[in-house]
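Input: a single structure, listed below in structure tokens.
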Amino acid sequence: MNNFAQINRGRKPLVFKYLFFIFLLTLVLTPVFAQDDGLTVDVSQPLGPISPYIFGANAQQSVISPDLLPTAQALGLKIIRLGGGPSDQQDLSKPTLDFFILQARMLKAEPLVTVRLLDGSPEKAAELVRYANVTKKYNIRYWSIGNEPNFFVAVLDAPSYTTEDLTKNWRAIAEAMLAVDPNIVLVGPDISQYVVLNAETDPPQYLEGNGGGDPTDDLGKDWMQEFLKANGDLIGIVSIHRYPFPGGNPTNVATIEGLRENSREWLTIIPNLRKIIQASAGRDIPIALTEFNSNSNNQTGGEASLDSHYNAIWTAALLGHFINQKLSMALYWDLQRKGAGFGLIGNGELRPPYYSYVMYTHFGTELVTSTSSDEDVTITSAMNADGALTVMLVNLSSDVKTLPLAINGFTPSGEAEVWLFDKDHKAENIGTHDLSAGTVTLPAESVTLYIIPQ
């Protein structure tokens, strides 16, 4: 027995009492400091600027009247796209382009223009670039070539179209456009429903069934991989489209549970797409989602259809995911549609997803690290220009959620300003809240923004 043991032989009861006290203290303090079951923001871990083009929309059929202009401007859109179904059915006319640019400038949004790929020609595409950027001096920076080439056969009745056709035709048009203006940035190839669940296998594992898409051509070749191998040197931003409840199947109706599950898909789809890009192009390339919505057909009147409150909550959650995943662009389908479920704006009326975008007009610009342990609650945090911390919380659950919130590396100077979008509040300022208690309560199916002064 060593000297230390001899000295402490008579002190065992005291030692045991001390250890028991520490054990009790740990039990008492653990709920206060543990954040395994809550929300955490760490301002000391900045993640860089947020791309303003996360907040975009398609404007293929939009005609914003003067009386609706302030309403459209309030969305805070930073980019709008002239593209979609008609892009490969007819050549883009110069008057249509002129009107689109006029709308983009009224909205103070960057334009993204799609030229024809199917039955298109390098000469006509080059002439559009020349007209826009040389003659009219529009200085359109972002261009794309074709829309959803993987659906040319199924949707546009092309007799045949393969990955070889895409890579060859796209490159010829791209080179002609770049010869006119080498400063343009090409976005593409706009493959629709390209959902890779596992990028480590060969071939990759794709999402199956009607919720998935058509990731390979009739010869079994991967649309995205073949395109990037051939044209990865020219593409500036890699783009896809995603509708988790696609058209063509009237029984495939969006549900609340279905959209809730889909919101988690983005934690996988973007990282896997990055792996595909790196392996196929040999470099990292920014990613854009140039079309997204819950449905690709015009479903209305359902619990999670295009015109539903839940579609708006799902949209807000996705915007948070896109910010956290550092996407370059994300464009909602679409900005305006009269007499249909599509559109943030209808024929004067505001659809529920409109308010999701209004909520983000109060959000910061410099992303910081944040995490949520609750799969039904998304969190996105950013600093704004005034040094305030903004925390966006989306509750996808149909239940009220009360969760602990820990904020590290930031000292508030007062109560947080609170904005709320739920079934009773349309992106409204509801006052202030003291966050010193370390908990937040989120209404069911809601979006809550805290603006915390430094």
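Between the range 173-209 and the range 69-124, what is the C-alpha centre distance in whole Å? Their Cα centres are 20 Å away from one another. Cβ crowding within 10 Å, taken as a proxy for footprinting-reagent exposure, orders Leu289, Leu331 from fewest neighbours to most as Leu289, Leu331.
Put in order of Cβ neighbour count within 10 Å, fewest first, the listed residues Ser160, Ser381 become Ser160, Ser381.
Each residue in Arg81, Arg171 was given a count of other beta-carbon atoms within 10 angstrom of its own, and listing them fewest first yields Arg171, Arg81.
If R0 is 25 Å, the Cβ-Cβ spacing of Gln205 and Glu375 corresponds to a FRET efficiency of close to 0.70. Here the label points at Lys229 and Asn408, each 7 Å from Cα along the C-beta direction, are separated by 4.4 nm in the simple model.
Taking all Cα pairs closer than 8 Å and separated by 6 or more residues, the relative contact order of the range 29-147 comes to 24 percent.
Annotation: peptides 348-359, 425-436, ranked by per-residue average of other Cβ atoms within 10 Å with the highest first, follow the order 348-359, 425-436.
Here is the list for the range 235-323: trypsin sites (Lys or Arg not before Pro) lying in DSSP coil, each with at most 10 other C-beta atoms within 10 angstrom of its C-beta, are Arg283. The C-alpha atoms of the chain define a longest principal axis, and helix 256-281 lies at about 70 degrees to it. Residues in the range 411-454 near a label at Val400, defined as backbone nitrogen under 13 Å from the 7 Å Cα→Cβ point? Under 13 Å, as judged by backbone N against the label point of Val400, lie 440-445 of the range 411-454.
For the chain, the relative contact order is 17 percent, taking Cα pairs closer than 8 Å that sit 6 or more residues apart in sequence and dividing their mean separation by the residue count. Going through the range 326-360, which trypsin sites (Lys or Arg not before Pro) have at most 16 other Cβ atoms within 10 Å and a DSSP loop state? Loop-located and lightly packed - Lys338. For the range 161-220, applying the loop criterion from DSSP together with a ceiling of 14 other beta carbons within 10 Å to the GluC sites (Glu not before Pro) yields Glu200, Glu208. Rg over Rh for the chain works out to 1.07, both radii taken from alpha-carbon positions and Rh defined as the Kirkwood radius. Computed from Cα positions, the angle between helix 163-180 and the longest principal axis of the chain comes to roughly 80 degrees. Residues of the range 336-366 falling in the label zone of Gln90, defined by backbone nitrogen less than 11 Å from a point 7 Å along Cα to beta-carbon, are absent.
Remark: the Asp218-Asp98 segment gains 39.4 nm on full extension, using 0.36 nm per residue and subtracting the alpha carbon distance. Counting only alpha carbon atoms, the long axis of helix 309-324 and the longest principal axis of the chain meet at about 80°.
Label zone of Leu156 (point 7 Å out along Cα→Cβ, amide N under 18 Å): in the range 106-139 this covers 113-129. Below 14 angstrom from the Cβ of Arg264, what's the summed charge of the other residues (Lys, Arg +1; Asp, Glu -1)? That works out to -4. Grab the DSSP H runs of the chain that are 4 residues or longer, score each as -39,500 (n - 2.57), total them, divide by all residues and round the 222 nm result to the nearest 500 deg cm²/dmol. Roughly -9000 deg cm²/dmol at 222 nm, from the helical runs in the chain. Spin-label pair Glu257-Asn298: with each label point 7 Å from Cα along the Cα-Cβ axis, the two points sit 3.0 nm from one another.
Bear in mind that the values in this text are calculations on the coordinates, not laboratory data. Everything numeric here is computed off the predicted structure, so don't read it as measured data. Reconstructed Cβ throughout: ideal geometry from the backbone, glycine too, with neighbour counts over all protein chains shown.
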